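Okay, structure first, notes after.
The values are calculated or read from the model by the stated rules, or taken from the named source; none is laboratory data. All values reported here derive from a predicted model rather than from experimental measurement. Quick reminder, even Gly has a Cβ in these numbers, built from the backbone with ideal geometry, and neighbours come from all protein chains shown.
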Ligand code: ADE
């Protein structure tokens, strides 16, 4: 996958894309990250990337033309690199608190793309005409407002990198994650057995694989029920899960 980031703050990604899963994916040759500075595509000597909003009001709006030029350059590079066929445009996402919520299902779909462009929003927003002109989809990483889209682009990149086929080893396969089915993970522990008077649950030391499996399932359901009941709403559970959940509700007196 080639992941392009259009940004006013290219420095933000220095270091961040050289660590962890993103570094592994890049080293394996399965991911290429290209950071494009929008400011390089301005046409005045001040490098102006924003302007006042029509109709007045506070905040500045990102100008359309530098973004369109930056995207055009990405398209040319993508075609020259052979990753995109002539005339075929990469998928374009624009980070925005107004966007569609980013989910694991969307991440799985995006991880299959060969080319993705993420345009990082800033200031009060981006000139609205950019969205249809780029055929872009607006994407939000949560119901809070960041000062810029760069952290959102990093979140998206991280979530996609680990889903690119071949990046994770079998043992850590992304299939077993929270949200590959919409259930939170059970708690995990490692050595030592006791930390400041807190002990590892006995069952995990029992060596009884079936008991451990059931315990993990029960605790995953318990966490989901306590913290994210919305994930269970309207879901038909298998017989075992339903029984465990009924027990949990009884235990918790709800
Ligand atoms: N830019 C500012 N806030 C954002 C959010 N929550 N998600 C994506 N982009 C953003």
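For the structure I just gave you, tell me whether residue 70 is closer than 21 Å to residue 133 by Cβ, over 17 Å from the mean Cα position of the chain (by Cα), at pLDDT 95 or above and assigned to a helix (DSSP H, G or I).
yes
If I ask for residues that are assigned to a loop (DSSP other than H, G, I, E, B) and either under 18 Å from residue 129 (Cα atoms) or in contact with a helix residue (DSSP H, G or I) (Cβ under 8 Å, 6 or more places away or on another chain) (or both), which ones from region 73-86 would you list? First the steps, then the outcome.
Residues of region 73-86 assigned to a loop (DSSP other than H, G, I, E, B): 81-86.
84, 85, 86, listed by residue number.
Name the residues in region 39-67 that are assigned to a loop (DSSP other than H, G, I, E, B) and in contact (Cβ under 8 Å) with a residue 40 or more places away in the chain, would you?
Listed by number, the residues that qualify are 49, 53, 57, 58, 59, 60, 63.
Which condition breaks for residue 103 when tested against (1) within 16 Å of the ligand (Cβ to nearest atom); (2) in contact with a strand residue (DSSP E or B) (Cβ under 9 Å, 6 or more places away or on another chain)?
(2)
Give the residue, chosen from 81, 125, that is in contact (Cβ under 8 Å) with a residue 24 or more places away in the chain and on the phi > 0 side of the Ramachandran plot.
So the residue among 81, 125 that is in contact (Cβ under 8 Å) with a residue 24 or more places away in the chain and on the phi > 0 side of the Ramachandran plot is 125.
Taking residue 64 as meeting all but one of (1) under 25 Å from residue 159 (Cα atoms); (2) in contact with a strand residue (DSSP E or B) (Cβ under 9 Å, 6 or more places away or on another chain); (3) surrounded by fewer than 18 Cβ atoms within 10 Å (Cβ to Cβ), write down the number of the exception.
Result: residue 64 passes all but (1).
Which members of region 78-102 meet the condition of being surrounded by 14 or more Cβ atoms within 10 Å (Cβ to Cβ) and farther than 10 Å from residue 149 by Cβ?
Across region 78-102, the qualifying residues are 78, 79, 83, 84, 89, 90, 91, 92, 102.
Among the listed residues 29, 56, 99, identify the single one that is modelled with pLDDT of 95 or more and closer than 15 Å to residue 119 by Cα.
99
Within region 136-145, can you find the residues that are more than 6 Å from the ligand (Cβ to nearest atom) and either at pLDDT below 95 or surrounded by fewer than 18 Cβ atoms within 10 Å (Cβ to Cβ) (or both)?
Across region 136-145, the qualifying residues are 137, 138, 143.
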